[in-house]
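Have a look at the structure below before the remarks.
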Amino acid sequence: MERLTFFSYPSCTSCRKTKKWLKANHVSFDERHIFKDTPNEKELKRILELTTEGMDEVLATRSEAYKNLDVNIDEMVLSDVLHLLTNEPKLLRRPILIDGEKLVIGHNEDALRNLVSHSLDLKMSI
């Protein structure tokens, strides 16, 4: 298991709520500014592998960046989508939390509890 990585944006309300929850629950994490330290293509591929809804789960479909797209993501090959997302991180929903095996996208306290308990279970079994 990898350390928890928290991709966030400081002015994002969901990111601030999630960070507050993580700190209140004494969860250690590595925070990365999603626009300045964007997930690379390998990280994005892993994020997509861990989703239950695929691309729909990670795309910020209500964002201006998405609305202004002049391509149909559904018709693109994966490598082109990964390249697009690394160059246009505003297309990604926020926050994104990943420990290498579990993923949480958006602010969801039940999912956060599950992620944290999963991480603790793995640490105790080592």
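On a per residue basis, the chain carries 61 Å² of accessible surface, using protein heavy atoms and a 1.4 Å probe. Quick check: the angle from helix 41-50's long axis to the longest principal axis of the chain, C-alpha only, nearest 10 degrees? For 41-50 against the chain, the angle is about 70 degrees.
The orientation-averaged projected area of the convex hull spanned by the Cα atoms of the chain comes to 7.7 nm². Please report, as a whole percent, how much of the solvent-accessible surface of the range 1-101 comes from carbon and sulfur atoms (probe radius 1.4 Å). Carbon and sulfur: 44 percent of the exposed surface of the range 1-101. Note on the chain: antiparallel DSSP beta bridges, both residues inside, total approximately 65 percent of the bridges counted.
Nearest 500 deg cm²/dmol is fine: what mean residue ellipticity at 222 nm does the chain get from its DSSP H runs of n ≥ 4 alone, each adding -39,500 (n - 2.57), divided by its residue count? Helices in the chain give a 222 nm mean residue ellipticity of -13000 deg cm²/dmol.
Between the helical axis of 78-87 and the longest alpha-carbon principal axis of the chain there is an angle of about 80 degrees. Dipole magnitude for the range 19-95: computed about the Cα centre from +1 point charges on Lys and Arg Cβ and -1 point charges on Asp and Glu Cβ, it is near 600 debye. Applying a threshold of 21 Å to the alpha-carbon distances of Lys17/Lys67; Lys45/Lys102; Lys19/Lys67; Lys20/Lys42; Lys45/Lys90 flags Lys17/Lys67; Lys19/Lys67; Lys20/Lys42 as lying beyond it. Helix 109-125 axis versus longest C-alpha principal axis of the chain: approximately 60°, rounded to the nearest ten.
Taking all protein chains together and rolling a 1.4 Å probe, Ser8 ends up with roughly 0 Å² accessible.
Relative contact order of the chain: 36 percent, from C-alpha pairs under 8 Å at least 6 residues apart in sequence.
The values are calculated or read from the model by the stated rules, or taken from the named source; none is laboratory data. Since the model is a prediction, treat every value here as computed from it, not as a measurement. Positions of Cβ are generated from backbone atoms using ideal geometry, with glycine treated the same way; all protein chains shown enter the neighbour counts. All accessible areas refer to the heavy atoms of the entire protein, side chains included, with ligands and DNA or RNA removed. Shrake-Rupley method; radii C 1.70, N 1.55, O 1.52, S 1.80 Å.
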